[in-house]
Amino acid sequence: MVLERALITVTPGREQEFEQAFRTARAQLEGSPGFVSGTLSRGVESPSTYLLLVEWQTLEDHTEGFRGSPAFTEWRRLLGPLFADAPTVEHYTQVSTAGPGAR
């Protein structure tokens, strides 16, 4: 499993428009091979900043499969005009967990 972390800054004043567009655009993620799950969170201190976390089965499912697909083109068409800057994206693999029952 690979976790994608995308930090997205939206043009101030367009946050509600972004959230509405994301509700439509998320279908592009959900229908992509290798997609496991995803969450979008809004910054408390920086309300124009969003944290998108997407779990993929493999790194290539994101970097080659999704990004090379028509689904990504549609994703960017829906959301790209609302970005203040290009999102910063990094990928992670889990090394530890915390919480009830974690070891």
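What follows draws every value from the coordinates through simple rules; no lab data is involved. From a predicted model like this one, the values you see are computed outputs, not experimental measurements. All Cβ positions, even for glycine, are placed from backbone atoms using ideal geometry, and neighbour counts span all protein chains on display.
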Notebook entry, point to check: How about segment 1-30: which of its residues are over 14 Å from the mean Cα position of the chain (by Cα) and touching a residue at least 40 places away in the same chain (Cβ under 8 Å)?
Noted result: M1, T11, P12, R14, E17
Next item on the list: Take segment 63-89 and flag every residue that is out of contact with any strand residue (DSSP E or B) (no Cβ under 7 Å at 6 or more places or on another chain) and touching a residue at least 60 places away in the same chain (Cβ under 8 Å).
Entry: L79
